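**Student:** Right, I'll just put the structure down here and ask away after.
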Amino acid sequence: MPNASDTERTLVAAATAPAGRRVPARAVRMLAFTVCAALILSWPGLAPNPYILSAGVMVASYACTATAWNFMGGFTGYVSLGHAAFFGLGAYGTGVLIRDLDWPPFAAWLAAGVIVVLITVPVGIAALRVRGASFVIVSIAFVLILLLVAQTWQDLTGGSDGLVVPRPFPDLSRPEHHRAFFYLFVALLAVMLLAWWAIDRSRFGTGLKAVREDEDKAQALGVPTRNYKLVAYLISAFFTGLSGGMYALWFGDLDPIFQFSVLLGAYMVLMALLGGVRHLYGPLLGALIVGGALEYFELEFGGTQLHLVAAAVLLGVVVLVTPDGIIPAVRDLVRRFGPQDSSIREMTAAELLAHNRASGRGGPPPDEAPDEAAAPGTGEER
């Protein structure tokens, strides 16, 4: 049975607990993460038909590309519309290594990611010398140059006829093939999220966020901004190239018009912005919404361009309604209407006395504490 001292310690712990304790918030986040992970992993079993399953694979591909873009755009604030260049390089690099050198599919996939990084080094050094709109123009120019090369270098890329990539699992049926690649895309996404989480909590990530907030001030404080930006650019290009290579292994038919499309780069930006570029799961949420909407619009409108109109309307809504993304907007809404933390916590005299004894600042023991109820005029000084 609890005694008086137990009750007193409980009151002290409650009174001196830091405001805004995060234990319940962590529990809620862990529960939400578990539920979302279970739903994602069970998607192949929930999909009613192979087409819906293939749409899930496409959405997983979008999630990978948007998350890969966020290594550059989210950390540094540099908006690139040319990340489709890395996507296409990874896809065509994987296909060419398999077709011409007879490499194992996943060895070619990893090698293509490394090739993308090697090509990106000189491009990044040149592109990162400018900022803002100039950087956006340079990124678009790079993807347009690669589109022209892919269309004209027919001996290597197949030109406008495209490039056929052999399937890595030839014995699987088409639904089983979709199921296998859904889990492969999810595994790649998990690696990206883990890398983003580690960078976000590192000194390197702090430097990148300083670049995002005020690059000139960060440089004046000693942050090697040029090197940090280049490393973030290479990491983003590497993961985008891996996403393109995985797409090539899954889809098997490469078309330069799609692989090197500025529109694909715009989708990456839209997905990241919609979810929240400064949040770990922002690009993933944006990919679920935008990717699912694109698949639905293409199914409903067929080969027309109405799905592009819908995407443009969605982008306008994002910019006007939630410029920082859905996740930050919801978080701010919860904080506004939820319980407010107070910086002033009231304590009774007994609680303050017990707290002082527990912290080693002394004070009279409980049986010698002054009797606040004593009548005045007894001649004792207080």
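**Student:** Got a sec to turn the phi values of segment 169-177 into Karplus ³J(HN,Hα) couplings, 6.51 cos²θ - 1.76 cosθ + 1.60 with θ = phi - 60°, whole Hz, x for Gly and Pro?
**Tutor:** 10, x, 7, 8, 6, 4, x, 5, 4
**Student:** Share of segment 262-340's accessible area from carbon and sulfur, percent, 1.4 Å? Let's see the in-between values first.
**Tutor:** Details: 3050 of 4350 Å².
Ligands and nucleic acids excluded, carbon and sulfur give 70 percent.
**Student:** Within 10 Å, count the other beta carbons around each residue, average over each peptide in 350-358, 254-262, and list them highest first.
**Tutor:** Values: 350-358: 16.1, 254-262: 20.4.
The densest-packed peptide leads the list: 254-262, 350-358.
**Student:** In addition: Just the number please: accessible area per residue for segment 262-340, 1.4 Å probe, all protein chains included, in Å².
**Tutor:** Spelled out: the 1.4 Å probe surface of segment 262-340, per residue, equals 55 Å².
**Student:** Each residue of segment 180-191 in order: what ³J(HN,Hα) in whole Hz does its phi give by Karplus 6.51 cos²θ - 1.76 cosθ + 1.60, θ = phi - 60°, with x for Gly and Pro?
**Tutor:** 4, 6, 4, 5, 5, 5, 5, 5, 4, 5, 4, 5
**Student:** Tell me the net charge near Ala180. Cut-off is 13 Å between Cβ atoms, Ala180 excluded, with +1 for each Lys or Arg and -1 for each Asp or Glu.
**Tutor:** Once positives and negatives cancel, what remains is +1.
**Student:** Right, another one. How large, in Å, is segment 153-274 by the Kirkwood hydrodynamic radius built from its alpha-carbon pairs?
**Tutor:** 17.3
**Student:** Extending each Cα 7 Å along its Cβ direction at Leu110 and Lys217, get the distance between those two points in nm, one decimal.
**Tutor:** About 4.3 nm separates the two model spin labels.
**Student:** Now, a different point. Return a whole-number percent for the relative contact order of segment 220-297, with Cα pairs under 8 Å and 6 or more residues apart as the contact set.
**Tutor:** 15
**Student:** Here's something else I'd like to know. Based on the alpha-carbon set only, what is the convex hull volume of segment 63-260 divided per residue, in Å³?
**Tutor:** Measuring per residue, one finds 107 Å³ for the Cα hull of segment 63-260.
**Student:** If packing is taken as the mean number of other Cβ atoms within 10 Å per residue, what is the order of 156-166, 234-244, highest first?
**Tutor:** 234-244, 156-166
**Student:** Gain in length, Arg357 to Ala198, computed as 0.36 nm per residue apart minus the alpha-carbon separation, to one decimal in nm?
**Tutor:** Working it through step by step, the gained length comes to 53.1 nm.
**Student:** For the ranges 112-118, 274-280, 83-89, 188-194, what's the packing order if you count other beta-carbon atoms within 10 Å of each residue, average per peptide, and put the highest first? Don't skip to the answer; put the middle values down first.
**Tutor:** Working: 112-118: 19.3, 274-280: 23.0, 83-89: 30.7, 188-194: 17.7.
Answer by packing, highest mean first, reads 83-89, 274-280, 112-118, 188-194.
**Student:** While we're on this one: Using just the C-alpha positions of segment 262-340 as equal point scatterers, what log10 of I(q)/I(0) does the Debye formula give at each q in 0.13 1/Å?
**Tutor:** -0.42
The values are calculated or read from the model by the stated rules, or taken from the named source; none is laboratory data. Not measured: the values here are computed from a predicted model. Note: ideal-geometry Cβ built from the backbone for every residue, glycine included; neighbour counts use all protein chains shown. All accessible areas refer to the heavy atoms of the entire protein, side chains included, with ligands and DNA or RNA removed. Shrake-Rupley method; radii C 1.70, N 1.55, O 1.52, S 1.80 Å.
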